[in-house]
Amino acid sequence: MEDVESTESGGPERPGPRRKVLSSPYLHKLQRRHFLLFDILPIVGTAGAFAFLAVHPLRISDVVLLFAMWLLTGLAITVGYHRLFTHRTFKATRSVTVVLAVLGSMAGQGSVISWVALHRRHHECSDREGDPHSPNLSGSGLAGRLKGLAHSHFLWMRRHEYPNIVHYAPDLLKNQPLVRVARLYYYWVVLGLLLPALIGGLVTMSWTGAASGLLWGGFVRIFLLEHIVWAINSFLHMFGTRPYVSRENSRNGGVFALITLGEAWHNNHHAFPDSPSFGLDWYRLDPGFWLIRLLAAAGLAWDLKLPDEDRRAAKRIPVSAATRA
Ligand SMILES: [Zn+2]
Ligand SMILES: [Zn+2]
């Protein structure tokens, strides 16, 4: 969960084959700090937002800030961090790339290069030894399943093996603008907190308006988006429908398609990780893919690699064996 330099200094150099994951007291200290700052603090901030209602009733500007910041950073995570940078499901102009990386950084889920490395490792090892956040490796029975859900949703971030970015994200390390954005990760998170505070203050011309903007457009927004994204890692590797064959236990949760901006088609995604569309069919709601189509129509994105019907048919589980979403 750190920037490029800290990873490189994350452990002593050893001869022999390049290690796929790194583990050192220094890295674990950074992970603990990140967990407290960006995972625990938003919970405290969200509680503070509700307490603050006693002195400053919720205004429409707070709701608009919450929604707009959630949508912008949420789309940047699914379209930028996930579909573009991790899986390279399409190509985009440099300006689109940088904007998505900056907005994604504001979500407080780690710098773009760390996020990509962790997620590529998730796909490599999904639901097996080495998966950073599988809910299915903590034992059987109710206790094992609950422990697995808590681990995969949230607790794994306290301390984990760090995927070596030289191994998992060499393409991103060659991309200078992205490396620069990643190095400034903490500044982008702070900017994502200051912006709604500034707008809230200007709209109401008051300090309480600024504080309310910070709480709702900043902390509550980070809190909500985090739990939505984490629910994909936890619940959608345990519950839901399974229309396609894939080697791990990924599931679709179609009812959450809109709120997850299309990420809820998680089984579709594991079956076809190179597809920019997670819904795959036009009637399966996928706001992330709608944005990619919009960018493509404007000439800002291209090379959308959609799986053809033959590929899909080859992996489809007969309806009698799986309830379709
Ligand atoms: Zn993925
Ligand atoms: Zn997954």
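A few comments on the model shown:
- Applying the criteria of a DSSP loop state and at most 12 other Cβ atoms within 10 Å to the trypsin sites (Lys or Arg not before Pro) of the range 93-134 yields R128.
- Per-selection Rg to Rh, the range 125-166 - Cα, Kirkwood hydrodynamic radius: 1.02
- Of all lysines in the structure, the ones whose alpha carbon falls short of 27 Å from that of K315, not counting any fewer than 8 places away in one chain, are K91, K305.
- Shape of the range 77-116, Cα gyration tensor, a/c cut at 1.5: oblate
- Computed Kirkwood radius, in angstrom, where 1/r is averaged over Cα pairs of the range 100-226: 16.6 Å
- Spin-label pair L202/L142, simplified geometry with 7 Å Cα→Cβ offset, distance in nm: 5.4 nm
- Share of Cα-Cα pairs in the range 154-246 lying beyond 23 Å, as whole percent: 54 percent
- For the range 256-298, the square roots of the Cα gyration tensor eigenvalues, ordered a ≥ b ≥ c, give a/c of at least 1.5 with a/b no greater than b/c, which places it in the oblate category.
- Note on L36 and D308: with the Förster distance fixed at 41 Å, the Cβ-Cβ geometry gives a FRET efficiency of about 0.30.
- Straight-line cross-link reach from K29 at under 24 Å between alpha-carbon atoms covers these lysines, not counting any fewer than eight positions away in the same chain: K20, K147.
- Report summary: the helix-based calculation at 222 nm, which adds -39500 (n - 2.57) for every DSSP H run with n ≥ 4 and divides by the residues of the chain, gives -15000 deg cm²/dmol.
- GluC sites (Glu not before Pro), loop per DSSP, at most 12 other Cβ atoms within 10 Å - longest free stretch of the chain: 130-325
- Of the chymotrypsin sites (Phe, Trp or Tyr not before Pro) found in the range 182-277, those that fall in a DSSP loop while having at most 16 other beta-carbon atoms within 10 Å are F239.
- Cα-based equivalent ellipsoid, the chain: semi-axes from gyration tensor eigenvalues, Å: 30, 25, 22
- Taking the convex hull of Cα positions in the range 153-307, its mean projected area over all directions (nm²): 12.4 nm²
- Average projection, convex hull of the Cα set of the range 41-150: 9.7 square nanometres.
- Low-density loop cleavage sites - trypsin sites (Lys or Arg not before Pro) in the range 232-303, where at most 13 other Cβ are within 10 Å (DSSP): R247
- The charge dipole of the range 68-146, taken about its Cα centre with unit charges on the Cβ atoms of Lys, Arg (+1), Asp and Glu (-1) only, comes to about 300 debye.
- Multiplying the residue separation of Y26 and V319 by 0.36 nm and subtracting their alpha-carbon distance yields 100.5 nm.
Read-outs: derived from the displayed coordinates by stated rules, not from any lab. Predicted model only: the values in this text are computed from it and were never measured. Here Cβ is always computed from backbone atoms with ideal geometry, including for glycine, and neighbour counts include all displayed protein chains.
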